[in-house]
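Read the structure below first, then the notes.
The values are calculated or read from the model by the stated rules, or taken from the named source; none is laboratory data. Just so you know, these numbers come straight off a predicted model, no measurement behind them. Heads up, the Cβs are rebuilt from the backbone with ideal geometry, glycines too, and the neighbour counts pull from every protein chain shown.
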Amino acid sequence: MTALDLAFFRRFLDRATRVIVAEAPYLTDLDAAIGDADHGANLKRGFTSATDALAAEPPATPGALLTAVGVHLTNTVGGASGPLYGTVLRRMGKILGDEPVVEPEALGRALAAAVASVRRLGDAAPGDKTMVDALQPAADAYAEALARGGVTAALDAAARAARAGAEATIPMRARRGRASYLGDRSIGHQDPGATSSALLVTALYEATDP
Ligand code: ADP
Ligand code: MG
Ligand code: MG
């Protein structure tokens, strides 16, 4: 079984940075349709800068790593998604504390609390066509699957739920963020933030494979 140790979270950051860099043009295209065409560029700047900063100053625990990434995202991503993703990672980091190896249940509590803090900060609920539409199903699926199996299966379930949640934003009408200015014209496009959230949760699952 995968240990949720520092190496696991380093693999997560590596994979997240790699996929965000690779998919930045796609994320920016999605944002061009219903926003201001910067989501991929915003996240690429944030994740590469966080990766560089953590290489220079390696954190000692999973909680410290996530907190440091969150601070960097808040400081470098900008836009709506910077503070929101910054909150997700800082909240998770805080809940994981200074344990060297995270219990799967603690990761579940951290995911649930992180989603709750994004919902509070963004005043967003499922169905509003935001990153919450990927993150909430991911946190729920993780908890449900963990009750039946191990952490790898739970993260797999979370990643699948996040991807399905991102796709489910296509027919939604945006009620938060820039896309909400478009009203009905936001219908028919996949939300960029929900899409990046699905990539990030998938990176978390893929970190189970060393
Ligand atoms: P900006 O819209 O400021 O340019 P980004 O393009 O980086 O920021 O991020 C846009 C994404 O942020 C949206 O696709 C959506 O998922 C998410 N988002 C925007 N506003 C909110 C909000 N109030 N609550 C939750 N998520 C939001
Ligand atoms: Mg944008
Ligand atoms: Mg912007």
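Could you please let me know if Ser186 is in contact with a His (Cβ under 9 Å, 6 or more places away or on another chain) and either within 16 Å of ligand 2 (Cβ to nearest atom) or under 20 Å from Asp123 (Cα atoms) (or both)?
When the stated conditions are applied, Ser186 does not pass them.
Somewhere in the range 82-101, is a residue in contact (Cβ under 8 Å) with a residue 12 or more places away in the chain, of a type in the set (Asp, Glu) and more than 16 Å from ligand 3 (Cβ to nearest atom)?
yes
Examine the range 187-194 for a residue that is under 24 Å from Gly46 (Cβ atoms) and of a type in the set (Gly, Ala, Ser), and state whether such a residue exists.
Within the range 187-194, one or more residues are under 24 Å from Gly46 (Cβ atoms) and of a type in the set (Gly, Ala, Ser).
Take the conditions part of a helix (DSSP H, G or I) and either hydrophobic (A, V, I, L, M, F, W, C) or at pLDDT 95 or above (or both) and apply them to Ala141. Does it pass?
yes
Could you go through the range 46-58 and let me know if any residue there is of a type in the set (Phe, Trp, Tyr) and either within 14 Å of ligand 3 (Cβ to nearest atom) or surrounded by 23 or more Cβ atoms within 10 Å (Cβ to Cβ) (or both).
There is at least one residue in the range 46-58 that is of a type in the set (Phe, Trp, Tyr) and either within 14 Å of ligand 3 (Cβ to nearest atom) or surrounded by 23 or more Cβ atoms within 10 Å (Cβ to Cβ) (or both).
Residues are listed down the side, and each one gets a yes or a no for (1) within 16 Å of ligand 2 (Cβ to nearest atom); (2) of a type in the set (S, T, N, Q):
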position: Gly40; (1), (2): yes, no
position: Leu43; (1), (2): yes, no
position: Ala53; (1), (2): no, no
position: Thr76; (1), (2): yes, yes
position: Gly82; (1), (2): yes, no
position: Tyr85; (1), (2): yes, no
position: Ala124; (1), (2): yes, no
position: Gln136; (1), (2): no, yes
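Kindly check whether there is at least one residue in the range 63-83 that is surrounded by fewer than 18 Cβ atoms within 10 Å (Cβ to Cβ) and closer than 22 Å to Phe8 by Cβ.
Scanning the range 63-83 turns up at least one residue that is surrounded by fewer than 18 Cβ atoms within 10 Å (Cβ to Cβ) and closer than 22 Å to Phe8 by Cβ.
Can you pull out the residues in the range 111-160 that are farther than 18 Å from Met172 by Cβ, of a type outside the set (Asp, Glu) and touching a residue at least 40 places away in the same chain (Cβ under 8 Å)?
Leu111, Leu146, Gly150, Val151, Thr152, Ala154, Leu155, Ala158, Ala159
So which residues in the range 117-138 are in a loop (DSSP other than H, G, I, E, B) and touching a Gly at 6+ places or on another chain (Cβ under 6 Å), if there are any at all?
Within the range 117-138, Thr130, Met131 qualify.
If Thr208 satisfies all but one of (1) among the polar types (S, T, N, Q); (2) assigned to a loop (DSSP other than H, G, I, E, B); (3) under 22 Å from Gly79 (Cβ atoms), what's the number of the condition it fails?
(3)
Would you point out which residue out of Gly149, Gly165, Gly188 is within 27 Å of Asp14 (Cβ to Cβ), among the small types (Gly, Ala, Ser) and not in a helix (DSSP H, G or I)?
Answer to the selection: Gly149.
Only one residue in Glu167, Glu144 is within 16 Å of the chain's Cα centre (by Cα), surrounded by fewer than 18 Cβ atoms within 10 Å (Cβ to Cβ) and more than 18 Å from Gly79 (Cα to Cα), so which one is that?
Going through Glu167, Glu144 in turn, just one is within 16 Å of the chain's Cα centre (by Cα), surrounded by fewer than 18 Cβ atoms within 10 Å (Cβ to Cβ) and more than 18 Å from Gly79 (Cα to Cα): Glu167.
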